Amino acid sequence: MKSKVSETEGGGNGELSIDTLNLNALPQDCIATIISFTSPRDACRLSIVSTIFKLAAESDAVWESFLPSQYQALIPSSLSFSSKKELYLSLCENHVLIEGGRKSFWLEKVSGKKCYMLSPKDLYIEWVNTPTYWRWVSIPEARFEEVPELLSVCWFEIRGKISISRLSPMTLYKVYLVFKVHDVYGFDYYPVNLSVGLVGTDGSMRTAYLDPEHVLTEQQSTPVEDEMFPKARVDGWLEIELGEFFNERCVEDGELEMTAIEIDGGNWKGGLIFQGIEIRAVTPNLCDSNLGLDSFSTAESDTAWESLLPCQYKDLVPTLVSFSSKKDIYLSLGGNPVLIEGGRKSFWLEKASGKKCYMLSPKELYIEWVNTPTYWSWVRILEARFERVPKLISVCWFEIRGKISVCMLSPKTHYKAYLVYKVRNVYGFEFYPVKLSVGVVGTEGSKRAAYLEPERERIPIDLQPTPNDVQFPKARVDGWLEVEMGDFFNEGCMNAGELEMSALEIEGGNWKGGLIFQGIEIRAIA
């Protein structure tokens, strides 16, 4: 058999053959089984080979193989998804609280490896329930309902454990202490001792100063090479690496332990707000495994990673100076939405492609009657991305419109726009579907319709059956609902062009209410 591989494309039905073997002649189930042994990134690439490869690569059989074996126990039963691919992508883009909010869980998008953040209530923190030393606070930017603020201690000790069986096998993990500083003091005298390892073993050890503005005093010696300082995350928090651990296989009775201790000096210290300990699977390198060391170095360079960042990234992200490399910036922007323009928009990168994504906050949109207290009220809720969001009390004219300059979007990119909201005692939306549209101002754009009440809650009306082309909202892993408004392909950067999105229901004149509206999300399609 010849080693030559040939590909013929025509009308979207490409044929991939090896010598005289036509791979498209294989049964779809066989192709799906083969693809399931690759990776999520490979599955997306193979989907463009031909129609049968696309069907196989997007099948539930393939994407369920990329999900962790225990995924059904990790996802609340109230959430439903139309496909396993949709579930996979949602788990990559949205952290989900598990175990009664004691842990946060998500998947690393490129590899599907499991990642966690242990909340402060899932850890041992010395004196954390003594109000003289620590106090529990609720802040909107925290992932958990309550986080501890350090007032003053002379004995600083934090310990966490997680069962090895919960981590992905044959995976390198890095562990991070995630916190904020607020009038920090006392952490500039002695570095904190950090460790990560299996219980009963030495593990990896290092030291770090938690004060990001630490300056050596005359009494202190020059820090050794392995002493570190916190790095800024795009979500506004700081992180310090505790260490790393390679999980060779699933050991049911083993536990990974992480510690941060500073008790040497006995001096008093305070001014930290502590979010948790994050256990992240390390993203594969840009270079393929068969490339040489020179290619590896090139792929890790700032030049390579800056080429993947949007050209305006310095204007979009306010505090870049604390990042040690352009790769750090890219990975942070790929995992943590950042508020921009005074909190009026949320911005992030689609991790696999580097394409720009946004959510427009309610204050960035036109919402009919939104500032009339009879009809809408502005509320603060912990799980919202923005400081305040509007709650619909009662309107008969429902209208939401948003615009974004096309030049803010990535060129040559397919986007979908979503209305993101919650329902709370919803009523009045079961009579008429909401009309949705997405398009460049002055053009027709794409149009569709949707009922904003979840299908399971909607009361059927005998005289008005549901049309086949009307959508219902889908659950997101972050606890919100979303309904697709339409899609748009951005050919290039048009400085004068604006993409407009609208949601309108005014036909019936009936009163409707019970929505909490987070915003309009504009997502690049992976």
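The values are calculated or read from the model by the stated rules, or taken from the named source; none is laboratory data. Here the structure is a predicted model, which is why all the values come from computation and not from measurement. Glycine also receives a Cβ, built like all others from the backbone with ideal geometry; neighbour counts cover every protein chain displayed. Protein only, heavy atoms only, side chains kept; ligands, DNA and RNA dropped before computing areas. Shrake-Rupley method; radii C 1.70, N 1.55, O 1.52, S 1.80 Å.
Considering (1) open to solvent by 50 Å² or more (accessible area, probe 1.4 Å); (2) in a loop (DSSP other than H, G, I, E, B), the lone condition that ILE139 does not fulfil carries the number (1). For region 404-415, residues that are crowded, with 16+ Cβ neighbours inside 10 Å and under 12 Å from GLU350 (Cβ atoms) total 4. What residue, among those in region 47-78 that are modelled with pLDDT under 85, of a type in the set (A, V, I, L, M, F, W, C) and open to solvent by 50 Å² or more (accessible area, probe 1.4 Å), is farthest from LEU107 (Cα to Cα)? Across region 47-78, the extreme among qualifying residues is ILE48. Selection of helices (runs of 4 or more DSSP H) fully inside region 259-354 by the criterion of at least 1 residues being modelled with pLDDT of 70 or more and farther than 30 Å from GLU157 by Cα returns 302-306, 313-316, 326-335.
Among the listed residues ARG385, ARG401, identify the single one that is under 29 Å from HIS95 (Cα atoms), at pLDDT 95 or above and either of a type in the set (Lys, Arg) or surrounded by fewer than 21 Cβ atoms within 10 Å (Cβ to Cβ) (or both). Break it down into steps so the answer makes sense when it comes.
On the way: ARG385 fails: at pLDDT 95 or above.
Being under 29 Å from HIS95 (Cα atoms), at pLDDT 95 or above and either of a type in the set (Lys, Arg) or surrounded by fewer than 21 Cβ atoms within 10 Å (Cβ to Cβ) (or both) holds for just one of ARG385, ARG401, which is ARG401.
Any chance region 173-187 includes a residue that's open to solvent by less than 50 Å² (accessible area, probe 1.4 Å), more than 22 Å from LEU238 (Cα to Cα) and at pLDDT below 95? No, region 173-187 has no match at all.
Residues that are part of a helix (DSSP H, G or I) and aromatic (Phe, Trp, Tyr) within region 27-77 comprise PHE53, TRP63, PHE66, TYR71, listed in sequence order.
Comparison of VAL147, VAL128, VAL184 shows that the only residue that is among the aliphatic types (A, V, I, L, M) and free of Cβ contacts under 8 Å to residues at least 40 places away in the same chain is VAL128. Within region 152-172, the set of residues being at pLDDT below 95, in a strand (DSSP E or B) and over 22 Å from the mean Cα position of the chain (by Cα) comprises SER163 only. Against the definition (at pLDDT below 95, basic (Lys, Arg) and out of contact with any Ser or Thr (no Cβ under 7 Å at 6 or more places or on another chain)), how does ARG476 come out, yes or no? Spelling it out, it is not the case that ARG476 is at pLDDT below 95, basic (Lys, Arg) and out of contact with any Ser or Thr (no Cβ under 7 Å at 6 or more places or on another chain).
Please determine, by comparing only the residues of region 493-524 that are open to solvent by 20 Å² or more (accessible area, probe 1.4 Å) and closer than 23 Å to ILE404 by Cα, which one is farthest from the chain's Cα centre (by Cα).
Step one: list which residues in region 493-524 are open to solvent by 20 Å² or more (accessible area, probe 1.4 Å), which gives 493-496, 498, 500, 504, 506-511, 523.
Still in the running and closer than 23 Å to ILE404 by Cα: 493-496, 498, 500, 504, 523.
Numbers: CYS493: 26, MET494: 28, ASN495: 29, ALA496: 31, GLU498: 26, GLU500: 25, LEU504: 29, ARG523: 12 Å.
Applying the filter and picking the extreme gives ALA496.
With respect to the conditions (1) under 30 Å from GLU387 (Cβ atoms); (2) touching a residue at least 12 places away in the same chain (Cβ under 8 Å); (3) open to solvent by 10 Å² or more (accessible area, probe 1.4 Å), LYS114 lacks only one, and its number is (1). Taken over region 170-188, the criterion of being in contact with a strand residue (DSSP E or B) (Cβ under 6 Å, 6 or more places away or on another chain) and more than 29 Å from GLY271 (Cα to Cα) is satisfied by THR171, LEU172. Every test in (1) among the acidic types (Asp, Glu); (2) under 25 Å from SER90 (Cβ atoms); (3) not in a loop (DSSP other than H, G, I, E, B) is passed by GLU149 save one, and that test is (2).
Scanning region 407-417 finds no residues that are over 18 Å from VAL470 (Cβ atoms), assigned to a loop (DSSP other than H, G, I, E, B), in the same structural domain as ALA384 (by the TED database) and β-branched (Val, Ile, Thr).
Check region 402-420 and report whether any residue there is touching a residue at least 12 places away in the same chain (Cβ under 8 Å) and over 29 Å from GLU491 (Cβ atoms). Checking region 402-420: not a single residue is touching a residue at least 12 places away in the same chain (Cβ under 8 Å) and over 29 Å from GLU491 (Cβ atoms). Among the criteria (1) open to solvent by less than 50 Å² (accessible area, probe 1.4 Å); (2) of a type outside the set (Lys, Arg); (3) within 17 Å of PRO40 (Cβ to Cβ), the one GLU93 does not fulfil is (1).
Applying the criterion of being within 28 Å of the chain's Cα centre (by Cα), at pLDDT 85 or above and assigned to a loop (DSSP other than H, G, I, E, B) to the residues of region 438-462, the residue that is surrounded by the fewest Cβ atoms within 10 Å (Cβ to Cβ) is PRO454. The lone criterion from (1) modelled with pLDDT of 85 or more; (2) open to solvent by 60 Å² or more (accessible area, probe 1.4 Å); (3) under 29 Å from PHE187 (Cβ atoms) left unmet by LEU256 is number (2).
Picking from TYR418, TYR432, which residue would you name as being of a type outside the set (A, V, I, L, M, F, W, C), crowded, with 17+ Cβ neighbours inside 10 Å and closer than 24 Å to VAL477 by Cα? So that I can check it myself, show each step before the final result.
On the way: TYR432 fails: closer than 24 Å to VAL477 by Cα.
Within the list TYR418, TYR432, the selection yields TYR418.
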